[in-house]
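To keep things clear, I will list the structure first and then write my remarks on it.
The values are calculated or read from the model by the stated rules, or taken from the named source; none is laboratory data. The structure displayed is predicted, hence computed values, not measured ones. So basically every Cβ, Gly included, is an ideal-geometry build from the backbone, and we count neighbours across all protein chains shown. The protein model used for the area step is the full one, side chains on, heavy atoms only, and it has no ligands, DNA or RNA in it. Shrake-Rupley method; radii C 1.70, N 1.55, O 1.52, S 1.80 Å.
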Amino acid sequence: MKSYMSAIKGMQQASINLTQSLHEVYEPDWHGKDDIVTIGKDCDALWEDFHNKLVDSTLLNLDGYLQQFPDLKMRVAKRSRKLIDYDSARHQLESLQVAGMKNDRKVMKAEDELKKAQKVFDELNVGLQDELPTLWDRRVGFYISTFKCVTSLEAKFHREISLVCRELYEVMTKLGEQHSDKIFTIQGAPSDSGPLRLARTPSPPEDETPPESPDASSNHMLRPVSPGPPRPKSPIQVIGVQVSAAGFSQTQRKVRSESSTKIK
């Protein structure tokens, strides 16, 4: 997400540099001089607003979501250490009991240490067992809210920036009409096919597949495809056919000559 925000900031700066360059080269007597300045300001404002809203609604929430993990990691690590202390105290008590020291002070002390270690471990363990599943389930809602916000803001930004781009396109078109005798064509660039139009989301194509026949559906066989027109032969193939035909004609004449000689 931070890489995405960095890319947005880079695009914002690139857009500012581009509009500044356009303002510098745009001559006062050209059509739409004031419009160019207004369009540039609108474009810069849209980029700034898009970036700020992404920071406020997404990046700050992301930072807040991530801030809880260091504390959890510390508590998980502390629980692991207390588990080691608890196992050590239990092992110490079992060793004393196996040795037959039932009423010794060491046994009583070992029992107290075991109770204390167990209490500390249970408090940490119960707290984490209640909190970790909740945190795990929260990830779904966090992903949903985050990416819904990003996609909504980006869709709105593209709708608004497309209107500004269309205004700039119309100014350039009228400038071209003003100086119709000064045409410059960029090599390799697509030709201008008409006025700029806003992109719309294409509707899914309708299913035009004809229904299968009962025989085809029951046998699970594909229908036979009718052969298309014959492919034209290449010059090499045509020459090869001509050479083969010429050789066959010579061989046929030779056989006829030999046959007539034998008959004579």
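State all residues of region 11-41 that are more than 20 Å from HIS179 (Cβ to Cβ) and open to solvent by 80 Å² or more (accessible area, probe 1.4 Å); if no residue qualifies, say none. Within region 11-41, MET11, GLN13, LEU18, GLN20, LYS41 qualify.
Go through region 171-197 and report how many residues are of a type in the set (S, T, N, Q) and modelled with pLDDT under 80. The number of residues fulfilling the criteria is 4. Within region 52-63, can one find any residue that is open to solvent by 60 Å² or more (accessible area, probe 1.4 Å) and part of a loop (DSSP other than H, G, I, E, B)? Looking for residues that are open to solvent by 60 Å² or more (accessible area, probe 1.4 Å) and part of a loop (DSSP other than H, G, I, E, B), one finds none in region 52-63, hence no. When region 32-65 is filtered for residues that are over 23 Å from the mean Cα position of the chain (by Cα) and of a type in the set (A, V, I, L, M, F, W, C), the ones remaining, listed by number, are ILE36, VAL37, ILE39, CYS43, ALA45, LEU46. Checked against the criterion of being modelled with pLDDT of 90 or more, farther than 30 Å from HIS51 by Cβ and surrounded by 15 or more Cβ atoms within 10 Å (Cβ to Cβ), the candidates LEU114, LEU168, LEU93, LEU72 yield just one match: LEU114. I'd like the residue in region 142-188 that is among the hydrophobic types (A, V, I, L, M, F, W, C) and not in a helix (DSSP H, G or I) and, out of all such residues, is farthest from the chain's Cα centre (by Cα). Per the criteria, the residue is ILE183. Note on region 123-150: residues that are without any contact (Cβ under 8 Å) to a residue 24 or more places away in the chain and either within 29 Å of VAL55 (Cβ to Cβ) or of a type in the set (A, V, I, L, M, F, W, C) (or both) amount to 12.
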